[in-house]
Amino acid sequence: MNVTRNGFLRGAVCTAFVASGGCRALRGLSGGASMYGFAAPRIPRIRLGVVGIGGRGNGVIRRVSNLPGVEIVAICDINPDKLAQAQKFLSEKGKPAAREFLGPDAWRRLCDDPGVDVVYNTTPWDLHVPIQLGAMKGGKHVFTEVPSAFTVDECWELVETSEKTRCHCMQLENCCYGEIEMLTFNLAKLGMLGELVHAEGAYIHDLRWMAATEYPGGEYWRFDENRDHGGNRYPTHGLVPLCLTFDINRGDRLDYLVSLDSAKANFQAFMNEKLKPDNPRRISGVKMADMNSTLIKTAKGRSILVQHDVSTPRPYSRIQLVTGTKGAICDYPFRVVFEESVGSGAHKWFDDARAEEIREKYRHPLWKTIGELAKRVGGHGGMDFIMDARWVYCLQQGLPLDMNVYDLAVTSCLCELTEKSADNRSRTYDIPDFTRGNWRTNKPMEIVDIDLAKMGFAPDKDKV
Ligand SMILES: NC(=O)c1ccc[n+]([C@@H]2O[C@H](COP(=O)([O-])OP(=O)(O)OC[C@H]3O[C@@H](n4cnc5c(N)ncnc54)[C@H](O)[C@@H]3O)[C@@H](O)[C@H]2O)c1
């Protein structure tokens, strides 16, 4: 009787836990050790496999082919033209041809291929999680475009698999390497902003053309995702850089959120106006709101606003506002202010000349080292190249990566949680602690750099 009763009680307690996300906090206890601070054995010559040679896949092939010690050995797509296009680029660049993996399931073979060390996953969203799991199970480090997962359960599965396989699983959040994002991180680390209290980030980018343009090939996958989901389906560009500045998973953690969808006035109307009458995308019932706003509270009591708007004629912005007790910084356009003396207040942002002085003086070391080169190689003003140079450097030198699977999980899980909250009158949702308590003792991220000579760049490093 007692056993039954205990069993019943355990079940009842667990059910209550599940309702609050608590049972999930116990997930993965039987997995491997934490991946925080994990450094894999050095890989001086990285054999890279790229899956999904579309917009982003082509970009990575172009960028990475400028990095010494990286060989693009495998390329995978469902479209033979995309493979041919990549091979043409490699040949023009004087690089060896990559092995080709063609077809919807060919990524599985690439993930199992012993000749590949690292998988770079630039596929549509529905393939992000299966390819990450396949790569790690095949013994490969995996880097995946944003968002790298969409549900809390998927995030846990990635955490557990990374811990068990001891393979890196990093989200390719290029915006963490943006010049202003890194300047903000630098100022925060140097104490120039005082104690950090609030931040705002966003993905405000008018993408209606992507859904409405009847361009050849019909790669409408992103529209389908937006048609079917509310909340914030693309939270990471605005949020992840703020998380690094706030030491999320390294002294603080995202605790809970509330999310609110605006009216759905523009996206569907725009497409119905632009698309031909027989286009199947002329439908009703688009779930994505024109604006989603999510408020997050951290364990240390700070607040973060994250917004998503891809369907109004509003100029591009990731906002990137960070306020502290001694100053504030913001982008779009770049502005900064410090309290000059206690009580002096800050009624206006510093003027442009002063702001530029600060930008120059406190530029992040990575931007000082490789910023000029990055601007020439390109990729969102250079940040994509800096991101690639940094993970390549870390793998070649056997260093921990800047971001790990816990950073991926705690930010990507917002896709599910914001949608649930927005669907339920902005109910509060707990954000799981994927570190399982380690956020309290994990050391904050430091200001990092790379050594170009160690990477094998020639002294005339600026030539690419
Ligand atoms: N970080 C950024 O700044 C940024 C910018 C744009 C897109 N993205 C992300 O990059 C990813 C890719 O976006 P994109 O704009 O390059 O998309 P895309 O549609 O241009 O490219 C996707 C490619 O994947 C291929 N593909 C589809 N199914 C496949 C399969 N089964 N196996 C192999 N290849 C397959 C397609 O043929 C296509 O070439 C998305 O996750 C997106 O969110 C990130």
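The values are calculated or read from the model by the stated rules, or taken from the named source; none is laboratory data. Note that the coordinates shown come from a computational prediction; the quantities given were computed from them, not determined experimentally. We place every Cβ from the backbone using ideal geometry, glycine too, and count neighbours over all the protein chains shown.
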Does any residue of region 407-417 turn out to be surrounded by fewer than 16 Cβ atoms within 10 Å (Cβ to Cβ) and either outside any helix (DSSP H, G or I) or not assigned by TED's automatic domain parsing to the domain that holds Q307 (or both)? no
Before we move on, is T122 within 26 Å of L417 (Cβ to Cβ), in contact with a strand residue (DSSP E or B) (Cβ under 8 Å, 6 or more places away or on another chain) and not aromatic (F, W, Y)? yes
Per the filter on region 156-186, residues among the aliphatic types (A, V, I, L, M), in a helix (DSSP H, G or I) and out of contact with any Lys or Arg (no Cβ under 9 Å at 6 or more places or on another chain) are L158
Tell me, which strands (runs of 3 or more DSSP E) lie completely within region 43-143 with 2 or more residues that are surrounded by fewer than 18 Cβ atoms within 10 Å (Cβ to Cβ)? 99-102
D81 over 27 Å from T411 (Cβ atoms) and at pLDDT 95 or above: yes
Does V337 satisfy the condition of being in a strand (DSSP E or B) and either over 30 Å from D430 (Cα atoms) or β-branched (V, I, T) (or both)? yes
Odd one out for D153, checked against (1) within 16 Å of the ligand (Cβ to nearest atom); (2) assigned to a helix (DSSP H, G or I); (3) touching an Asp or Glu at 6+ places or on another chain (Cβ under 9 Å): (1)
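Residue by residue, here is whether (1) within 30 Å of D126 (Cβ to Cβ); (2) at pLDDT below 95; (3) in the same structural domain as P277 (by TED's automatic domain parsing) holds:
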{"site": "E181", "(1), (2), (3)": "yes, no, yes"}
{"site": "L187", "(1), (2), (3)": "no, no, yes"}
{"site": "L190", "(1), (2), (3)": "no, no, yes"}
{"site": "L193", "(1), (2), (3)": "no, no, yes"}
{"site": "A199", "(1), (2), (3)": "no, no, yes"}
{"site": "Y203", "(1), (2), (3)": "yes, no, yes"}
{"site": "L207", "(1), (2), (3)": "yes, yes, yes"}
{"site": "E214", "(1), (2), (3)": "yes, yes, yes"}
{"site": "E225", "(1), (2), (3)": "yes, yes, yes"}
Looking at region 251-258, can you tell me whether even one residue there is surrounded by fewer than 22 Cβ atoms within 10 Å (Cβ to Cβ) and over 29 Å from S34 (Cβ atoms)? yes
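Would it be correct to say that I370 is touching a Phe, Trp or Tyr at 6+ places or on another chain (Cβ under 9 Å) and surrounded by 15 or more Cβ atoms within 10 Å (Cβ to Cβ)?
yes
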Which pairs do you get when a residue that is more than 8 Å from the ligand (Cβ to nearest atom), found in region 98-110, comes within reach of a residue that is hydroxyl-bearing (S, T, Y) and part of a strand (DSSP E or B), reach meaning Cβ atoms under 6 angstrom, with the pair 6+ apart or on two chains? none
Please tell me if F338 is farther than 30 Å from C413 by Cβ, surrounded by 17 or more Cβ atoms within 10 Å (Cβ to Cβ) and in contact with a strand residue (DSSP E or B) (Cβ under 8 Å, 6 or more places away or on another chain). yes
In region 148-169, the residues that are surrounded by fewer than 21 Cβ atoms within 10 Å (Cβ to Cβ) and hydroxyl-bearing (S, T, Y): T151
